[in-house]
1. Please determine, by comparing only the residues of segment 157-167 that are under 19 Å from the mean Cα position of the chain (by Cα) and either buried (at least 20 other Cβ atoms within 10 Å of the Cβ) or at pLDDT 90 or above (or both), which one is nearest to Leu375 (Cα to Cα).
2. Just one of Val71, Val44, Val77 is modelled with pLDDT of 90 or more and either in a helix (DSSP H, G or I) or open to solvent by 20 Å² or more (accessible area, probe 1.4 Å) (or both); which is it?
3. Within segment 241-273, which residues are assigned to a helix (DSSP H, G or I) and loosely packed, with under 15 Cβ neighbours inside 10 Å?
4. Can you go through Ala176, Ala192, Ala207 and tell me which one is closer than 20 Å to Val88 by Cα, modelled with pLDDT under 90 and among the small types (Gly, Ala, Ser)?
5. Checking Ala334 against (1) open to solvent by 30 Å² or more (accessible area, probe 1.4 Å); (2) under 26 Å from Ala90 (Cβ atoms); (3) not in a helix (DSSP H, G or I), only one condition comes out false. Which one?
6. Which of (1) under 23 Å from Gly296 (Cβ atoms); (2) open to solvent by less than 40 Å² (accessible area, probe 1.4 Å) is the odd one out, the single condition Ile238 does not satisfy?
7. Quick one: would you say Ser219 is under 21 Å from Leu110 (Cβ atoms), open to solvent by less than 10 Å² (accessible area, probe 1.4 Å) and assigned to a helix (DSSP H, G or I)?
8. Go through (1) crowded, with 17+ Cβ neighbours inside 10 Å; (2) modelled with pLDDT under 95; (3) of a type in the set (Val, Ile, Thr) for Val185 and report which single condition fails.
Amino acid sequence: MSKSAPPTFISRFEPHNVENPYPLYARLREEAPVHFSPEMHLWVVSRHDDVKAVVLNPQDFLSANSFRNPVPPAPEVVAVLEQGYPQVPALVDDDPPNHTRMRVIVTKALAPHRLSAMEARVRSITTELLDAFAADGHADLVDKLGYPLPARVIGAIMGLPDSDLERMKRWTEDLALLSAGNVPVARQVECAHGLVSIQKYLAGYIAERRKTPGDDLISALIEARYEDSPPLSDVELISLLSLLHFAGHETTTNLLGNLLVWVLQEPERLKELREDPSRIPRAIEETLRLDSPIQGMMRTTARAVTLNGVEIPANARVLVLFASANRDQTVFHAPDHGDPRRPDVGKHLGFGMGIHYCIGAPLARLEVKLAMEMLLKRLPNLRLAPGNAFSYVPNFLHRGPHRLLVEWDPA
């Protein structure tokens, strides 16, 4: 691509942009902050003020079908999906008034006592996971901790057994790839089978909890009500639980991984956190800005809208890049430099903004904070393994290392 050519978002799929998309985002902000990508069939919004304008205007920028692949699925994929349940909107990909109903129901189900009780559970699970490899002196931290910790935590909240962890992992990976936009059709078909499998799996637990309720999120969602609206149907529950399970661990896995990559590349930063764990929460907030686990979200225009002088037609797909907005130099000083001491730490869009602000943000922060505290305490002289120690998930919406090889001095 010549320097004068307008940037095109399709280059996000090139290997160097998967590993580091931020130079591309900087170019988008400078040269084409609001532009149409014909390869992706959508409009891309990259500046902070424009991203805020979109997410704070849910009347004109709708969230329905946010997870739909920007490239229409092949007939083979559609045929597999038709074997499962209809995919109906749930929270993140829904709009008022149903979004309001769904969010109130989830908020009631995620009662304070349920979350407050999780700190001890998070510590217990983290201790168990660390005990299994702390004496080895080396590990893939995504495989040994980053994935299983939040997956077991959200599984415990939902009332799902740890024995189902591995197949749930495969299915949720399939869910992520279905929205990636750059996956071969044969792999999309496999992912569609994974989506149908998780739907049927959750349907079984819903039927069981309707007969025999328990002290878990599935039972609470079945019982919760919003004003005089009807209870959630099985189809709504399946979509909602799929979303909550995916979001409940995918974002946390990537947030912990991105935090570790950042601090392990800066040994002085790691030393500071080890010596003073009270700094970890600010490091988490800076990671959410510097290397957002959710790079962006989709919207659809309800009518023709003018944004930053550019007219976007009605019924157009719009990608708002939170990760680009979080490095906008008009908002953040030295945006490409990670600094937990910056006065504007926490003023990021890493968990979104407005009516769709991440409902699980407090739990994600708790898990990552406790995991970092215990990692730094249990693994002396923690460091990246020599060579290519980490690589990223090939997905333009979700960013985090799918491999993170480290070493330490075992006791």
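1. Ranking the candidates gives Ile157 first.
2. Working: Val71 fails: modelled with pLDDT of 90 or more; Val44 fails: either in a helix (DSSP H, G or I) or open to solvent by 20 Å² or more (accessible area, probe 1.4 Å) (or both).
Being modelled with pLDDT of 90 or more and either in a helix (DSSP H, G or I) or open to solvent by 20 Å² or more (accessible area, probe 1.4 Å) (or both) holds for just one of Val71, Val44, Val77, which is Val77.
3. Here is the first cut: in segment 241-273, the residues assigned to a helix (DSSP H, G or I) are 241-264, 267-273.
Pro267, Glu268, Lys271 - these are the residues of segment 241-273 that are assigned to a helix (DSSP H, G or I) and loosely packed, with under 15 Cβ neighbours inside 10 Å.
4. On the way: Ala192 fails: modelled with pLDDT under 90; Ala207 fails: modelled with pLDDT under 90.
None of the other options fit; the residue is Ala176.
5. Among (1) open to solvent by 30 Å² or more (accessible area, probe 1.4 Å); (2) under 26 Å from Ala90 (Cβ atoms); (3) not in a helix (DSSP H, G or I), the lone unmet condition for Ala334 is (2).
6. Unmet condition: (1).
7. Details: under 21 Å from Leu110 (Cβ atoms): yes; open to solvent by less than 10 Å² (accessible area, probe 1.4 Å): yes; assigned to a helix (DSSP H, G or I): yes.
Yes, satisfied.
8. Every condition holds for Val185 apart from (1).
The values are calculated or read from the model by the stated rules, or taken from the named source; none is laboratory data. Only a predicted model underlies this, so the values are computations on that prediction, with no experimental measurement involved. Glycine also receives a Cβ, built like all others from the backbone with ideal geometry; neighbour counts cover every protein chain displayed. Protein only, heavy atoms only, side chains kept; ligands, DNA and RNA dropped before computing areas. Shrake-Rupley method; radii C 1.70, N 1.55, O 1.52, S 1.80 Å.
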